[in-house]
Amino acid sequence: MSESLLLELVVPCFNEGPSIPKLIQEFQQTAKARGLSSKETKLVLVNNGSTDETLSLIENEKGKQTNEWFRIVHLSQNQGYGGGILKGLESSQAPWVGYTHADLQCPLRDAFKCLDKCREFGELSLVRGVRRKRRVADWFVSRFYDLAVGVLWNFWRYDLNAQPKVFSRGLVRNLKGAPRGISFDAFVLYQAEKSGFRSEKIPVFLFKRLNGVSHWANSPWKRIRTFFFVFKELRQSSLTS
C-alpha cells in the first residue's frame, strides 16, 4: 500500500461545532474501510470565522488518536462559502482534492467514490454528486438556481451545488477570482470545462442534518435574502478569470 498523499478533502466549517467529532470519525472509518491510511488521505477542516465552539472542538480533537487524519486551516474572519473552500484548496498538496459539507448530510463515502472515478478517468477529470430523492421544495429551489446560472452565465448544468466534488489539484490555479458565495460551485464546474476536464456524476442521497440549522434556508426571510445575494453575485462575477 502506497503511503504518499493521495486525497485532501476540504470541509468548510462555520459554526458546525457539534458535528466535528463525528465528522472526523466518519472520515477515518471510511478511509480505513477502503484500505487508505492517514498518510494517504487528509480531512482539511477550514474554520471559517466561526463564532461558536467550532475551533476549540477541532483543536480538542488534535489531542486524540484521530489527529493524524485531519489538519486545520483557521480563518479569523468568515470568507464566505466559496472563500472558505478556496482557502482550503489552496493549502492542499495532494494530487486529488475535493470538498463537501460539514453538516453530515453528505456521506463521506461519496467523496471516496468520486476519487475512484477520478483515478479511473485520469488527471483531467472532475467527479461530482447529483442528489436523488429530495424533498419537492428543495428540488425546485435547486432548479431555480440552475436556471439563474444558465440565464445569467449561459452555463447550463444540472444540480450545480450538489456535493461532493473531487478533481485533480491542477484545477485550483484556475479558481483565482472565484465568487465567495454559493455560486462558487458553478464557477468550479465552468472552469473545469473550460480547462478541458472530463466531468462525470454519481448519484448521492442526503441524510437528515444531525446538528444545528442551515445558514441560509432555516427561515423564509433567509431564503429570500440568500436569493437576492446569489443573483447579485451571479451578475457581478466574471467567467473569464
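The values are calculated or read from the model by the stated rules, or taken from the named source; none is laboratory data. From a predicted model like this one, the values you see are computed outputs, not experimental measurements. A quick note on method: Cβ atoms are made from the backbone with ideal geometry, for glycine too, and the neighbour counts reach across all protein chains shown. Just the protein is used for accessible areas: all its heavy atoms, side chains included, with ligands, DNA and RNA removed. Shrake-Rupley method; radii C 1.70, N 1.55, O 1.52, S 1.80 Å.
Tabulated data for the structure shown
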| item | result |
| --- | --- |
| Total charge dipole magnitude, the stretch 1-140, about the Cα centre, Cβ charges on Lys, Arg, Asp, Glu only, Debye to nearest 20 | 560 |
| Those aspartates and glutamates that a straight Cα-Cα span of less than 13 Å connects to K42, excepting residues fewer than 8 apart in one chain | E3, E8, E26, E68 |
| Within the chain: Cβ-based charge dipole about Cα centre, in debye rounded to nearest 20 (Lys, Arg +1; Asp, Glu -1) | 640 |
| Å² per residue, accessible surface of the chain at 1.4 Å | 49 |
| Positive dipole terminus of the stretch 44-137, leading residue within S50, G83, P107 (C-beta point charges) | P107 |
| Partners for K232 among aspartates and glutamates (Cα-Cα distance below 17 Å; same-chain residues under 8 apart left out) | D146, D185 |
| Simple Cβ-charge dipole of the stretch 149-194, Lys/Arg +1 and Asp/Glu -1, about Cα centre, in debye nearest 20 | 260 |
| The stretch 110-185: mean projected area of Cα convex hull, nm² | 5.9 |
| Shape metrics for the stretch 4-96, restricted to C-alpha atoms - Rg then Dmax, Å | 12.6, 37 |
| Gaussian network model of the chain, springs between alpha carbon atoms under 10 Å - residue of V141, V172, V188 with greatest fluctuation | V141 |
| Exposure ranking of K208, K113 by accessible area [1.4 Å probe, largest first] | K208, K113 |
| Candidate lysines - alpha carbon under 17 Å from K176, same-chain residues fewer than 8 apart omitted | K87, K194 |
| Heavy-atom accessible area order for D138, D159, largest first, 1.4 Å probe | D138, D159 |
| Spin-label model distance (nm) - K62 vs E193, 7 Å beyond Cα toward Cβ | 4.1 |
| Relative contact order (%) - criterion: Cα under 8 Å, at least six apart; region: the chain | 22 |
| Positive-end residue of L189, V149, H74, charge dipole of the chain with Cβ unit charges | V149 |
| Extension gain, F227 back to K39 (0.36 nm per residue minus Cα-Cα distance, nm) | 63.6 nm |
| Relative contact order (%) - the stretch 8-65, alpha-carbon pairs under 8 angstrom, separation at least six | 56 |
| Cα-based convex hull, the chain, per residue volume (Å³, whole number) | 117 |
| DSSP bridge pairs, the chain: antiparallel proportion in percent, nearest 5 | 25 |
| Accessible-area composition of the chain, carbon plus sulfur, in percent [1.4 Å probe] | 54 |
